[in-house]
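Heads up: the structure comes next, in structure tokens.
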Amino acid sequence: MTNSAPAPLPADLLQALGRYDTPTICNAMEVVAPERRLIGYTTKPLVCPFPDLPPMVGYARTVTIRSVLKSQLPADEQSKRRIEYYEYMGTGWGPRITVIQDVDGPDVGYGAFWGEVQSNVHKALGCLGVITDGSIRDIPQWAPGFQALAGSVGPSHAWVHAEHFGGEIRVAGMTVRSDDLIHADQHGAIIIPADIAPKIPDAAELCGRRETPILDIARSKDFSLEKLKEALKRSAEIH
């Protein structure tokens, strides 16, 4: 059930990307793809109940949900749709990250799709975590190691159900398509275009080297404005 088709990027590259936090990936993206400074990442606050988990890097499985209105499908069609949903979640390029847009408009987050059951099921299906503008619940019973970025935390699932999956969605300001490569941690998430991904680790290291002289003097007991100016100059000369 948890089949992973051959991915477009090698596993060791995804592992390398996972060594950096998401802000560093954003910094690196500014170096290699400055035209993306205003697109491709979350811009609205998300709740992260597990901030100590490491960054997750995986391919998006996209879904829309709603909870205020009850599904109009007959019971047998609902059961069929649920199986189709899990088949979508458990196949494709791996590892996978579930990305869910709540389409309830002003009532976004009214009912939680995610809790003890869904986190454990999706973990078993090969997903690393979820990014959603909807709500989540059952935090103490959540699947261990399964990351969550959510719009809110709430107690009930109301009439929550998946409506569509596999299409383009927008979550917390980030437009996502199925199979997009995503990097996410407690700060938020960013999409990494496949053709840019191999350049990111070197760019991340460059960003780190440029920050080092500035941080060294800022943390030094001998800090002065003149030394800061010198550090900024040295930083700008690092390529």
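The values are calculated or read from the model by the stated rules, or taken from the named source; none is laboratory data. A quick note: this is a predicted structure, and the numbers were derived from the prediction, not measured. Neighbour counts are summed over all protein chains in view; Cβ atoms, including those assigned to glycine, are modelled from backbone coordinates with ideal geometry. Keep in mind that these areas ignore ligands, DNA and RNA; they rest on the heavy atoms of the full protein, side chains included. Shrake-Rupley method; radii C 1.70, N 1.55, O 1.52, S 1.80 Å.
Residue under question is Leu14, and the condition is that it be open to solvent by less than 60 Å² (accessible area, probe 1.4 Å), of a type outside the set (D, E, K, R), farther than 15 Å from Met174 by Cβ and part of a helix (DSSP H, G or I); does it hold? Explain how you work it out, then say what you get.
Working: open to solvent by less than 60 Å² (accessible area, probe 1.4 Å): yes; of a type outside the set (D, E, K, R): yes; farther than 15 Å from Met174 by Cβ: yes; part of a helix (DSSP H, G or I): yes.
It is true that Leu14 is open to solvent by less than 60 Å² (accessible area, probe 1.4 Å), of a type outside the set (D, E, K, R), farther than 15 Å from Met174 by Cβ and part of a helix (DSSP H, G or I).
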remark   = If you go through Thr62, Thr43, the only one that is under 25 Å from Ile136 (Cβ atoms), in contact with a Gly (Cβ under 9 Å, 6 or more places away or on another chain), open to solvent by 70 Å² or more (accessible area, probe 1.4 Å) and at pLDDT 95 or above is Thr43
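For (1) closer than 25 Å to Tyr20 by Cβ; (2) within 22 Å of the chain's Cα centre (by Cα), each residue gets a yes or a no:
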position: Glu168; (1), (2): no, yes
position: Val176; (1), (2): yes, yes
position: Ala184; (1), (2): yes, yes
position: Ile192; (1), (2): yes, yes
position: Arg209; (1), (2): yes, no
position: Ser224; (1), (2): no, no
position: Ala236; (1), (2): yes, no
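Out of all the residues in region 173-206, which are in a loop (DSSP other than H, G, I, E, B) and in contact with a Gly (Cβ under 7 Å, 6 or more places away or on another chain)? It would help to see each step written out before you state the result.
Within region 173-206, the first condition is being in a loop (DSSP other than H, G, I, E, B), and the residues that meet it are 173, 177-180, 186-187, 192-196.
Listed by number, the residues that qualify are Ser178, Asp179.
Would you pick out the residues in region 17-35 that are outside any loop (DSSP other than H, G, I, E, B) and more than 17 Å from the chain's Cα centre (by Cα)?
Glu30, Val31, Val32, Pro34, Glu35
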query = Does any residue in region 115-133 that is under 15 Å from Ala162 (Cα atoms) come within less than 8 Å, Cβ to Cβ, of a residue that is of a type in the set (D, E, K, R) and surrounded by 19 or more Cβ atoms within 10 Å (Cβ to Cβ) six or more places away or on a different chain, and which pairs are these?
reply = Gly115/Arg137; Thr132/Asp102; Asp133/Asp102
